[in-house]
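Remarks on the structure that follows.
The values are calculated or read from the model by the stated rules, or taken from the named source; none is laboratory data. From a predicted model like this one, the values you see are computed outputs, not experimental measurements. Please note: Cβ atoms are built from the backbone with ideal geometry, for glycine as well, and neighbour counts cover all protein chains shown. Accessible surface is based on the protein model in full, side chains and every heavy atom, while ligands, DNA and RNA are left aside. Shrake-Rupley method; radii C 1.70, N 1.55, O 1.52, S 1.80 Å.
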Amino acid sequence: QVQLVETGGSLVQAGGYLRLSCAHSGSIFSIYSTGWYRQAPGKQRELAAAITSGGSTVYADSVKGRFTISRDNAKNTVYLQMNSLKPEDTAVYYCNAKGRLHYWGQGTQVTVSS
């Protein structure tokens with residue numbers, strides 16, 4: 001089993017920044033990829049960014065150039081640095097870890113006011 005705990009969500013003005021953290025615990029040796037997904041009200045959950053255990057990254061077109069995903073293996077934590085935030089970035093952000101199974105965190109709310 002893998003447990004994920006997200007922190008860092010908040011209310012911020014457009015143009016501002018936030019850093020989300022996803023702390024992993026449990027059987028983390030099996031994890032080969034961690035991603036940040038987001039779900040806005042009335043919309044489907046979508047991938048914002050992901051990073052593999054080898055450090056390869058992928059970003060949604062809507063966040064490229066503004067968001068950066070990174071990992072600190074010593075802390076078993078994956079981060080999402082979000083800059084130049086827009087109101088359309090408002091969503092619940094979920095951490096997802098892929099191993100033998102897929103694991104989800106509880107989500108953290110990000111609200112960007114205009």
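Observations on the model:
- Shape of the chain, Cα gyration tensor, a/c cut at 1.5: prolate
- Accessible area per residue for the chain is 53 Å², calculated with a 1.4 Å probe on protein heavy atoms, without ligands, DNA or RNA.
- Taking amide H atoms as placed 1.01 Å from N in the peptide plane, the amide H of G16 lies under 5 Å from those of L85, each 5 or more residues away in sequence or on another chain.
- With every protein chain in place, the chain: carbon and sulfur % of accessible area (1.4 Å): 49
- Here the contact order of the chain, divided by its residue count and restricted to Cα pairs under 8 Å and six or more residues apart, works out to 36 percent.
- A 1.4 Å probe over all protein chains sorts D72, D89, D61 by accessible area into D61, D72, D89, starting with the largest.
- Label zone at Q13, where the point sits 7 Å out along the Cα-to-Cβ direction: segment 99-114 residues whose backbone N lies under 11 Å: 113-114
- Positive minus negative residues near C22 (Lys, Arg vs Asp, Glu; Cβ under 14 Å): +3
- Within straight-line reach of K75, meaning a Cα separation under 30 Å, sit the following lysines at least 8 residues removed in sequence or on another chain: K64, K86, K98.
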